[in-house]
Structures are given as structure tokens and as C-alpha cells.
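*Asks:* Quick one: this structure, given as C-alpha cells, is what I'll be asking you about.
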Amino acid sequence: MLVVKDLHVYYGLIEAVKGIDFKVDTGNIVSLIGSNGAGKTSTLNALLNSVKRTGEVNFLGYDTKRHLTHTLVQKGIALVPEGRRVFINLSVEENLKIGAYNNSENYEHLREQMYKLFPRLASKKNCMAGSLSGGEAQMLAISRALMSEPKLLMLDEPSLGLAPKIVGEVFDIIVRLKNEGITILLVEQNAYSALKISDYAYVLENGKIAMQDKAKNLIGNDDIRKKYLGL
Ligand SMILES: Nc1ncnc2c1ncn2[C@@H]1O[C@H](COP(=O)(O)OP(=O)(O)OP(=O)(O)O)[C@@H](O)[C@H]1O
Ligand SMILES: [Mg+2]
């Protein structure tokens, strides 16, 4: 589904991502793990062309180089950004409507699907998003991304700052989305939880891929256990 070759991301003179290659196969959950500043968020933003990048990014056979972010969303890539970033002064329902901006003919049907997936959002549909708990806001951010009916859903640290019980719920939802046929690219500092649900994973260090393998092999790898899993 996604093939990335020699991706570099620059912020002025700073090179945040230094030539990485990776791929995401249809139907898989693929994780990018790595510590603070490794380049995970920069990589996701580069896939949507929202930061300056070089290299090749091929999505479903398209070379995405010349595409604007909103065109890539239309083609089927969606991002749940780091820190959730819901529109706090708009209601839950208005946030969902914005998520469907390129897909308005399916809006009502999709909205009802989201309320089924996240019943807590249904009961708060007229509340301001700013009044939601961290877990509810994360669910809203995921729903908003799903309103564009993505083929590839990218999630940037969805578990950050959430209570352990809610973290479990968020990871369960990600598995459910995979089972419904959505391909997932997951960025997490909670490496253990991410690896447990992933098919394959890449370890980013200082803008480079330090290691890659099937997720279950990485969970068993001594270096990874010490450095990223605290085991
Ligand atoms: N807008 C920016 N301007 C300048 N440098 C930036 C900018 N955004 C990120 N960087 C730098 O690029 C590098 C990679 O940052 P990035 O946010 O991609 O890392 P990350 O792996 O997502 O980290 P975190 O786990 O903290 O979210 C860091 O050194 C960071 O300081
Ligand atoms: Mg980040």
C-alpha cells in the first residue's frame, strides 16, 4: 500500500529524518517506535506532504510528490495527529462534520457508524470538544480521521497522556479497525503495547532506521527489551 524510499525531512538546516526506507502492506498494522526526537512525527507529516521532504513516497501506486495534503486525504490517507488536536470550541458533532469535508455525501451514515464505534461520543454529541476527557478527545480525533474513509490510518502517539484503562481501549479500537480492513501506521512511545498489536515494526533512532522486524521478533529481542520495553 505504501512504499517509502530514501525519505529525508528538513526544517531549515536541520535534517530530522535522514534517508529512511519502509513499507506498509495492505491489511497490516505497522509501527514506528523510537524515543523523543527520533523523527516519528516528522515522518508521518512527510507522508502527507505537510513538511519539506525529499525521497519517494508511493501510495497505492501513486507517486505522491506533487500532491497537496488534502488530495492525499482524498486518496485515502488520514492522520490522527499527536496531541489529538480536536477543535475545542466546536461540538463533537461539528468536529465529525469537519472530518467529512471531502466526503459529505456519506456524512450522516459515517457519523452514525462513529457513534456505534464510540457510544460515549454519541452521548456527548452536542458538547464542546474542549469539555471531553483525554480518552474521549482521542476517540473523537480517531473518529474525525475515519470520516474521510481512509485506506491507511496513521496514528501519532494515540496513547500519550491517557489512563492505563483507556490506553487498552484505544489499542482495542485500533485492532478492530484493522479487522474491518483499514491498514494502520502507528507511531508510539508505548512500544510494548504497540508491538503487541503490530505485524511489523521499525525502530527509528536519530532520523534513521536502526532496526526492523516482525513485531513478535522485536518483543523477543534483548536490545529492544532493554532499550524500549523496560523489561
Ligand atoms: N518545526 C520544527 N522546526 C525545527 N525542528 C523541528 C521541528 N519539528 C521537529 N523538529 C526536530 O526534528 C527532530 C524530530 O522531531 P519529531 O517531532 O519528528 O520527533 P518524534 O520522534 O515525533 O518525537 P516525540 O516522541 O517527542 O514526539 C527533533 O530533533 C525535533 O527537535
Ligand atoms: Mg512526535
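The values are calculated or read from the model by the stated rules, or taken from the named source; none is laboratory data. Keep in mind it's a predicted model, so treat the numbers as computed, not measured. Cβ placement follows ideal geometry from the backbone for every residue including glycine, while neighbour counts extend to all protein chains displayed.
*Asks:* Out of the helices (runs of 4 or more DSSP H) lying entirely within the stretch 82-133, which hold 3 or more residues that are more than 28 Å from Thr71 (Cβ to Cβ)?
*Replies:* Working: elements: 92-99, 107-117, 119-123.
Hits in the stretch 82-133: 119-123.
*Asks:* Report whether or not Gly134 is surrounded by fewer than 22 Cβ atoms within 10 Å (Cβ to Cβ), touching a residue at least 24 places away in the same chain (Cβ under 8 Å) and more than 30 Å from Lys5 (Cα to Cα).
*Replies:* Numbers: surrounded by fewer than 22 Cβ atoms within 10 Å (Cβ to Cβ): yes; touching a residue at least 24 places away in the same chain (Cβ under 8 Å): yes; more than 30 Å from Lys5 (Cα to Cα): yes.
In short, yes.
*Asks:* Would you mention how many residues in the stretch 198-215 are in contact with a Leu (Cβ under 8 Å, 6 or more places away or on another chain) and not small (Gly, Ala, Ser)?
*Replies:* Filtering the stretch 198-215 for residues in contact with a Leu (Cβ under 8 Å, 6 or more places away or on another chain) gives 198, 201-204, 210-211, 215.
Next cut, not small (Gly, Ala, Ser) only: 202-204, 211.
Within the stretch 198-215, residues that are in contact with a Leu (Cβ under 8 Å, 6 or more places away or on another chain) and not small (Gly, Ala, Ser) number 4.
Every residue, every condition in (1) among the polar types (S, T, N, Q); (2) modelled with pLDDT under 95; (3) within 16 Å of ligand 1 (Cβ to nearest atom), yes or no:
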| position | (1), (2), (3) |
| --- | --- |
| Arg84 | no, yes, yes |
| Leu96 | no, no, no |
| Tyr101 | no, yes, no |
| Tyr107 | no, yes, no |
| Ala141 | no, no, yes |
| Ile166 | no, yes, no |
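*Asks:* Let me ask something else about it. Given the conditions (1) in a loop (DSSP other than H, G, I, E, B); (2) under 12 Å from the mean Cα position of the chain (by Cα), and given that Glu149 satisfies all but one, which numbered condition is not satisfied?
*Replies:* Unmet for Glu149, out of (1) in a loop (DSSP other than H, G, I, E, B); (2) under 12 Å from the mean Cα position of the chain (by Cα): (2).
*Asks:* Can I ask one more? Conditions first: (1) of a type outside the set (D, E, K, R); (2) in a helix (DSSP H, G or I); (3) within 16 Å of ligand 1 (Cβ to nearest atom). Pro158 passes all but one, so which condition is the exception?
*Replies:* (2)
*Asks:* Being crowded, with 21+ Cβ neighbours inside 10 Å, under 19 Å from Ile184 (Cα atoms) and either within 9 Å of ligand 1 (Cβ to nearest atom) or of a type in the set (Asp, Glu) (or both) is the filter here; which residues of the stretch 1-40 pass it?
*Replies:* Listed by number, the residues that qualify are Leu32, Gly34, Gly39, Lys40.
*Asks:* Working carefully through the options Gln212, Gln189, find the one that is under 30 Å from Glu136 (Cα atoms), surrounded by 14 or more Cβ atoms within 10 Å (Cβ to Cβ), out of contact with any helix residue (DSSP H, G or I) (no Cβ under 6 Å at 6 or more places or on another chain) and not basic (Lys, Arg). Break it down stepwise before answering.
*Replies:* Numbers: Gln212 fails: under 30 Å from Glu136 (Cα atoms).
Matching residue, one of Gln212, Gln189: Gln189.
Matching residues to (1) modelled with pLDDT of 95 or more; (2) more than 25 Å from Asn190 (Cβ to Cβ); (3) within 16 Å of ligand 1 (Cβ to nearest atom):
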site	(1), (2), (3)
Gly61	no, yes, no
Leu79	yes, no, yes
Leu90	yes, yes, no
Glu93	yes, yes, no
